[in-house]
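The values are calculated or read from the model by the stated rules, or taken from the named source; none is laboratory data. Predicted, not measured: the structure shown is a model, and the values here were computed from it. Heads up, the Cβs are rebuilt from the backbone with ideal geometry, glycines too, and the neighbour counts pull from every protein chain shown.
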Amino acid sequence: MTTPQTNLTVEQALTQAHAHWNAGQADQAEQLCQQVLALWPGQSDALHLMGLMAHAYGNLDLAIDHLRRASLAPRAPAIYLSNLAEMCRQAGQLADAEQAGRRAVAMDAMMVAGWNNLGIILQEAGKLEESLTCLQRVVTLQPDYPEAHNNLGNTLKRLGRLDQARSHYEQALKLAPSYAEAFSNLSNLLNDLGRPDEALASARRAIDANPRLSDAYINAAAVELARDRYDEALRWVDSLLAYAPLHVGALGVRATILRRLSRLDEALADARRAVAAAPDNGEAQNILGEVLQAQDKIDEALAAFDRAAGSLGFAPEKALINRGVLLMEQGDKDAAKQAFDDVLKQFPRSASAWFNMADLHRFTPGDPGLAAMEALIGPGGLQTESDRTALYFAIGKAWMDIGDAERAFTYLDEGNRRKRSTFAYDAAAVDRWFSDIIAAFPAELISRPAIALPESDLTVFVVGMPRSGTTLVEQVLASHPAVFGAGELSTLQSLVNQAGGVPAVAQKLSPENEALLGRQYLDAVRPMAGSHRRLIDKMPSNFLFAGLIARILPEARIIHVRRDPVDTCLSCYTKLFTREQLFSYDQAELAAFYRNYERLMDHWRAILPADRLIEVRYEDVVGDIETEARRLTDFCGLNWDPACVEFHKTSRTIRTASLNQVRSPLYSSSINRWRAYAPHLGPLLAGLGVDPAAAPADSAEAAAASPGKRTGKAGARRGVKPTAAD
């Protein structure tokens, strides 16, 4: 049988077509294949080559169509099915890919490429044990195959066997020293192991080897994102998007960075672009849901998480956890706990699910959840450093619930040590920084006339140390119908950073610049307030900027929340924060930071007007909620509303570490809580100058001695139920 026009046999035409294709002469190759197909429709070899050509030119749908038809031929080689499987995988059609891949290896059990492709497909589908079997077969059949070692490393990493994964990445690099993908994957693994500098170096080597390797840019961005270096992370992602503007992973990471920076409209735009480019991508749906959640678009966020939960691969686990966290933020504890229980039924090794569940759960002796968590950090357990660190904190909390301080601090000390080892922190430099802030904002600067700024009385800043009761105070005020609780806004921090940071910003405080910064802040937060008269910005670390606030927002009010120093620091030390609080993971450093915080607040107290700064003690709020709530509403220029006393009934989103406590009535058991753990707090107590043997001060006496009482006085103590709120 010969083709028309060329007078070649089909075999000859196909031989020439392959030769043209291999020589880069695609037009000639395609012409010959079309002639074969005109003579013999469905000829599998011609269809297969047409599929390879379509794939090479980026037409994946056409490539899959050609290969499907090629694979229908009774005598189609197994490699055709294997190639079809790989193209379906690239298109996200994992079910079809798996079917074709299994047929390929059933036809040829010695085909290395077939087992390799099937192993990758099963890996992406989350069928990790089967993937492991396939890829182990590949390295047995061909031990010097670097790609197989790289792929096996990926499966082992997802199984949590990080040491084994690393050895296979390193073996791949021994076999192929410039193997960019192996460098990139090693970067991802090193980041999980808490070795960010090595991880970034490995990502750079991957990019040097292949400047178009997208995963390497994403892994480099992930390293910087984990260190809260958002500008650096954006630079890596934007470098990738410069040549791949619709890269789904890059758009997703960019949306995550922008969400962390509170640039939510931009984050939403990128997340929607990612979903539009790949509607079935579960990770893109998760990121969209997270941005919508940050915008309090709860129903839309839940819908995105539901779509992610129905996808293939590893997105469903994250989606179910995200759903649980959202329910927890909304105050639906029962539904949140059920969500985490459901995750753990499907993914019993999910550190994130255990960590969140532990925050909701009250552990008792013999609790099976505690044993399960301890097993996960034992031999054969989880190896990812961030997962292990989270579990140490969760187990520490469990033993505190049970009342075993010795065991609790064994885990908490180790969790803090692990977290502290992942970043650099210079306590002496921080000490100098606080001194520089004090020097940059003298009384003369604060007292000079300010330019009047309309609506500068909108915001009430609630500041203080983390875990000092700031969330409780915000919740009390946000229960007033004229107040909107905006939570922890990074708006002011971003403006300060753009202006050069503190204390440098003080050198730029001309009246015009002060007014400009004030307007920029108000323009950013005013839409959140809606019709409310007051907006609460409850970013605790804004205590650093109290002097700046007085200059740029002359009518703004600042509420400083104080709590017993040791109780505050203990609560910090026992918490793995979502936002970085780098001072809190070493007792001596934590004490030093607290002393600097006290020093700075002493300065603000001395120079800020009494009608702009008020101080409230957590212990006073617990002891006499109505008196303190009235004092706070008076300070904010609001009429009294009894809803402030029933704050735990107020329905609103809360995203701080205290979100579970402020949903319940007040309790007094958090006062002087540290005394039960004093033997384990030596460096902290020494740093704070506290004698653990000293008798606890009477709460009423301590309240009267507080320098924070500017107006009013605490009323008679009332009986307090021992039932919740930090």
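Taking helices (runs of 4 or more DSSP H) that fall entirely within the stretch 540-646, which contain at least 3 residues that are of a type outside the set (A, V, I, L, M)?
So the answer is 565-573, 587-607, 618-623, 625-635.
Between a residue in the stretch 684-704 that is under 17 Å from CYS572 (Cβ atoms) and modelled with pLDDT of 85 or more and any residue that is loosely packed, with under 11 Cβ neighbours inside 10 Å and of a type in the set (A, V, I, L, M), which pairs come within a Cβ distance under 7 Å, given they are 6 or more apart or on different chains?
none
Taking VAL462 and the conditions (1) of a type in the set (Val, Ile, Thr); (2) touching a Phe, Trp or Tyr at 6+ places or on another chain (Cβ under 9 Å); (3) modelled with pLDDT of 95 or more, which numbered condition does it fall short on, given that it satisfies the others?
(2)
I need the full set of residues from the stretch 233-257 which are under 16 Å from PRO211 (Cβ atoms) and either touching a strand residue (DSSP E or B) at 6+ places or on another chain (Cβ under 8 Å) or part of a helix (DSSP H, G or I) (or both), in order please.
Answer for the stretch 233-257, where residues must be under 16 Å from PRO211 (Cβ atoms) and either touching a strand residue (DSSP E or B) at 6+ places or on another chain (Cβ under 8 Å) or part of a helix (DSSP H, G or I) (or both): ARG235, TRP236, VAL237, ASP238, SER239, LEU240, LEU241, ALA242, TYR243, ALA250.
Looking only at the stretch 88-115, which residues are in a helix (DSSP H, G or I), over 32 Å from the mean Cα position of the chain (by Cα) and among the aliphatic types (A, V, I, L, M)?
Matches in the stretch 88-115: ALA100, ALA104, VAL105, ALA106, MET107, VAL112, ALA113.
When you go through VAL473, VAL462 one by one, which is the residue that is crowded, with 21+ Cβ neighbours inside 10 Å, within 29 Å of LEU638 (Cα to Cα) and touching a helix residue (DSSP H, G or I) at 6+ places or on another chain (Cβ under 6 Å)?
Testing whether each residue is crowded, with 21+ Cβ neighbours inside 10 Å, within 29 Å of LEU638 (Cα to Cα) and touching a helix residue (DSSP H, G or I) at 6+ places or on another chain (Cβ under 6 Å) leaves just VAL462.
Are any of the residues in the stretch 197-219 hydrophobic (A, V, I, L, M, F, W, C) and not in a helix (DSSP H, G or I)? Can you show your working first?
Quick first cut of the stretch 197-219, residues hydrophobic (A, V, I, L, M, F, W, C) only: 199-201, 203, 206-207, 209, 213, 216, 218.
After this cut, where a residue has to be not in a helix (DSSP H, G or I) as well, the list is 213.
Among the residues of the stretch 197-219, at least one is hydrophobic (A, V, I, L, M, F, W, C) and not in a helix (DSSP H, G or I), which makes the answer yes.
Can you find a residue in the stretch 347-360 that is at pLDDT 95 or above and among the polar types (S, T, N, Q)?
no
Taking the conditions exactly as written (small (Gly, Ala, Ser) and either touching a Ser or Thr at 6+ places or on another chain (Cβ under 7 Å) or modelled with pLDDT of 95 or more (or both)), does GLY126 satisfy them or not?
no
Within the stretch 454-475, can one find any residue that is outside any loop (DSSP other than H, G, I, E, B), acidic (Asp, Glu) and more than 16 Å from PRO554 (Cα to Cα)?
yes
Would you check if GLU514 is part of a helix (DSSP H, G or I) and of a type in the set (D, E, K, R)? Talk me through it step by step, then tell me what you get.
Details: part of a helix (DSSP H, G or I): yes; of a type in the set (D, E, K, R): yes.
So GLU514 passes the test.
What are the residues in the stretch 378-425 that are surrounded by fewer than 16 Cβ atoms within 10 Å (Cβ to Cβ), in contact with a Pro (Cβ under 9 Å, 6 or more places away or on another chain) and part of a helix (DSSP H, G or I), if any?
The answer is GLU406, and nothing else.
Restricted to the stretch 151-170, and to residues that are closer than 22 Å to PHE347 by Cβ and among the charged types (D, E, K, R), which residue is surrounded by the most Cβ atoms within 10 Å (Cβ to Cβ)?
My answer is LYS157.
Taking the stretch 565-612 as the search range and keeping residues that are out of contact with any Phe, Trp or Tyr (no Cβ under 8 Å at 6 or more places or on another chain), at pLDDT below 95 and closer than 21 Å to SER421 by Cβ, which one is surrounded by the fewest Cβ atoms within 10 Å (Cβ to Cβ)?
Ranking the qualifying residues of the stretch 565-612, first place goes to THR578.
What number of residues within the stretch 647-683 are small (Gly, Ala, Ser), within 30 Å of ASP332 (Cβ to Cβ), surrounded by 15 or more Cβ atoms within 10 Å (Cβ to Cβ) and modelled with pLDDT of 60 or more?
Of the residues in that region, 2 qualify.
Need the failing condition index for VAL460 against (1) aliphatic (A, V, I, L, M); (2) touching a residue at least 60 places away in the same chain (Cβ under 8 Å); (3) over 30 Å from ILE549 (Cα atoms), just the number.
(3)
Which one of these is closer than 21 Å to ALA452 by Cα and of a type in the set (A, V, I, L, M): ALA486, ALA515, ALA478?
Exactly one residue qualifies, and that residue is ALA515.
Please work out if ALA375 is part of a helix (DSSP H, G or I) and in contact (Cβ under 8 Å) with a residue 12 or more places away in the chain. Walk me through it before giving the result.
Working: part of a helix (DSSP H, G or I): yes; in contact (Cβ under 8 Å) with a residue 12 or more places away in the chain: no.
Considered against the rule, which asks whether it is part of a helix (DSSP H, G or I) and in contact (Cβ under 8 Å) with a residue 12 or more places away in the chain, ALA375 comes out as no.
Here are the criteria: (1) surrounded by 19 or more Cβ atoms within 10 Å (Cβ to Cβ); (2) more than 23 Å from the chain's Cα centre (by Cα); (3) among the acidic types (Asp, Glu). Tell me which single one GLU512 does not satisfy.
It is condition (1) that GLU512 fails.
Can you give me the number of residues within the stretch 476-492 that are over 19 Å from PHE593 (Cβ atoms) and not in a helix (DSSP H, G or I)?
Residues in the stretch 476-492 being over 19 Å from PHE593 (Cβ atoms) and not in a helix (DSSP H, G or I): 11 in total.
Taking the stated definitions as given, is SER202 over 27 Å from THR578 (Cβ atoms), more than 19 Å from the chain's Cα centre (by Cα), modelled with pLDDT of 95 or more and of a type in the set (Ser, Thr, Tyr)?
Working: over 27 Å from THR578 (Cβ atoms): no; more than 19 Å from the chain's Cα centre (by Cα): yes; modelled with pLDDT of 95 or more: yes; of a type in the set (Ser, Thr, Tyr): yes.
No; evaluated as a whole, the condition is false for this residue.
Need the failing condition index for LEU495 against (1) within 24 Å of the chain's Cα centre (by Cα); (2) touching a residue at least 40 places away in the same chain (Cβ under 8 Å); (3) assigned to a helix (DSSP H, G or I); (4) surrounded by fewer than 20 Cβ atoms within 10 Å (Cβ to Cβ), just the number.
Against the list (1) within 24 Å of the chain's Cα centre (by Cα); (2) touching a residue at least 40 places away in the same chain (Cβ under 8 Å); (3) assigned to a helix (DSSP H, G or I); (4) surrounded by fewer than 20 Cβ atoms within 10 Å (Cβ to Cβ), LEU495 comes up short only on (2).
Considering each residue of the stretch 17-52, count those that are part of a loop (DSSP other than H, G, I, E, B) and either over 17 Å from TYR80 (Cα atoms) or free of Cβ contacts under 8 Å to residues at least 12 places away in the same chain (or both), and give that number.
5
From VAL253, VAL248, grab the single residue that is crowded, with 22+ Cβ neighbours inside 10 Å, free of Cβ contacts under 8 Å to residues at least 60 places away in the same chain and either β-branched (Val, Ile, Thr) or more than 26 Å from ASP387 (Cα to Cα) (or both).
Just one listed residue meets the conditions, VAL253.
In the stretch 114-150, which residue that is closer than 21 Å to PHE347 by Cα and in contact with an Asp or Glu (Cβ under 6 Å, 6 or more places away or on another chain) is surrounded by the most Cβ atoms within 10 Å (Cβ to Cβ)?
ILE121
Filtering the stretch 613-646 down to residues that are β-branched (Val, Ile, Thr) and closer than 30 Å to LYS297 by Cα, which residue is modelled with the highest pLDDT?
First, pick out the residues of the stretch 613-646 that are β-branched (Val, Ile, Thr): 614, 616, 621-622, 625, 627, 633, 645.
Next cut, closer than 30 Å to LYS297 by Cα only: 633, 645.
On the way: THR633: 96, VAL645: 89.
So, considering only residues that are β-branched (Val, Ile, Thr) and closer than 30 Å to LYS297 by Cα, the one modelled with the highest pLDDT is THR633.
Need pairs with beta-carbon distance below 7 Å; first residue part of a helix (DSSP H, G or I) and within the stretch 430-445, second surrounded by 13 or more Cβ atoms within 10 Å (Cβ to Cβ) and of a type outside the set (A, V, I, L, M, F, W, C); sequence gap 6+ or separate chains.
Correct list of pairs: VAL430/ASN596; ASP431/ASN596; PHE434/ASN596; PHE434/ARG599; ASP436/PRO503; ILE437/PRO503; ILE438/HIS603; ALA440/PRO503.
Residues that are surrounded by 21 or more Cβ atoms within 10 Å (Cβ to Cβ) and either in contact (Cβ under 8 Å) with a residue 40 or more places away in the chain or among the basic types (Lys, Arg) (or both): find the helices (runs of 4 or more DSSP H) completely inside the stretch 267-342 holding 3 or more of those. Steps first, answer last, please.
Values: elements: 282-294, 298-309, 315-329.
In the stretch 267-342, the matching helices (runs of 4 or more DSSP H) lie at 315-329.
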